[in-house]
Amino acid sequence: MMRIVLLGPPGAGKGTQAKALAEKLGIAHISTGDILRQNVKDATLLGKEAKGFMDRGLLVPDELLSKMLQDRFTQGDVKKGFILDGYPRTLAQAKTLEEVVKLKGMEIDLVVYLDSSDSVIIQRLSGRLVCSKCGAIFHIKNMPPQKEGLCDKCGGSLYQRTDDKVDTIKKRLEVYKKEAAVLIKYYERQNKLYRVAADGKASDVLAKIAALAK
Ligand code: AMP
């Protein structure tokens, strides 16, 4: 059983890889971005509080995320193992995660850092399409759906995230870089961090991560 954390800038392919790996290994996929977007869509209190931050490319406050993470860990599927995508993003979050995981009698086994260049990130995010039903990820050029605007997997309609605009992408990258070095060091010290070059094809990147997750 594996408990994995995926780190990397927005657009490094965390969502795509986490989905594929969760399926391959039969473990839970936990995307804090997906959970937040669902809350925004459902207009929950959390969604209303988070939306302004998300639209500006800023981090949602740690307290809101902690509560969300704790709730998610009450679901039984995490017992099979999990892959976290988009959490932690700050050192405080990494410490919260450690506590939450410890309370369940678990430990993080592996942290993978997806290393991508800014130009690839901007190109990927500005063409990203997401399924409104199942969350599958496509790209206008790199990974076009078979039928325009429709998901290959479930037929749901595809949309562009409101934060995938060039200005917001740049802001998200800036926010990411501020916190990333500290997080990387934190997991390096625990001897859990592995770097994977992530500018290439999704299937090649997946093979590299899968080899680490054995
Ligand atoms: P993502 O789908 O991972 O790109 O996340 C989209 C947005 O959700 C981010 O730009 C943040 O505003 C918010 N978000 C997701 N995960 C976190 C987190 N761990 N901490 C703070 N904000 C987050």
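The values are calculated or read from the model by the stated rules, or taken from the named source; none is laboratory data. Since the model is a prediction, treat every value here as computed from it, not as a measurement. Neighbour counts are summed over all protein chains in view; Cβ atoms, including those assigned to glycine, are modelled from backbone coordinates with ideal geometry. These accessible areas exclude ligands, DNA and RNA; they are computed on the full protein's heavy atoms, side chains included. Shrake-Rupley method; radii C 1.70, N 1.55, O 1.52, S 1.80 Å.
Here is the figure for the range 155-192: residues that are open to solvent by less than 50 Å² (accessible area, probe 1.4 Å), out of contact with any Lys or Arg (no Cβ under 9 Å at 6 or more places or on another chain) and of a type outside the set (Phe, Trp, Tyr) total 5.
For the range 36-74, a residue qualifies if it is open to solvent by 90 Å² or more (accessible area, probe 1.4 Å) and within 24 Å of Lys102 (Cα to Cα), and the qualifying residues are Glu63, Lys67, Gln70, Thr74.
Only residues that are open to solvent by less than 70 Å² (accessible area, probe 1.4 Å) and in a strand (DSSP E or B) were counted in the range 116-149, giving 7. The residue pairs whose first member lies in the range 76-92 and is part of a helix (DSSP H, G or I), whose second member is more than 15 Å from the ligand (Cβ to nearest atom) and open to solvent by less than 10 Å² (accessible area, probe 1.4 Å), and whose beta carbons are closer than 6 Å, counting only pairs six or more residues apart or on different chains, are Asp77/Ala28; Val78/Ala28. In this entry, Ala197 is excluded by the filter for residues that are more than 16 Å from the chain's Cα centre (by Cα), in the same structural domain as Thr32 (by TED's automatic domain parsing), open to solvent by less than 80 Å² (accessible area, probe 1.4 Å) and without any contact (Cβ under 8 Å) to a residue 60 or more places away in the chain.
Of the residues that make up the range 174-194, is at least one under 26 Å from Lys24 (Cα atoms), assigned by TED's automatic domain parsing to the domain that holds Val112 and in a strand (DSSP E or B)? Yes; the residues of the range 174-194 include at least one that is under 26 Å from Lys24 (Cα atoms), assigned by TED's automatic domain parsing to the domain that holds Val112 and in a strand (DSSP E or B).
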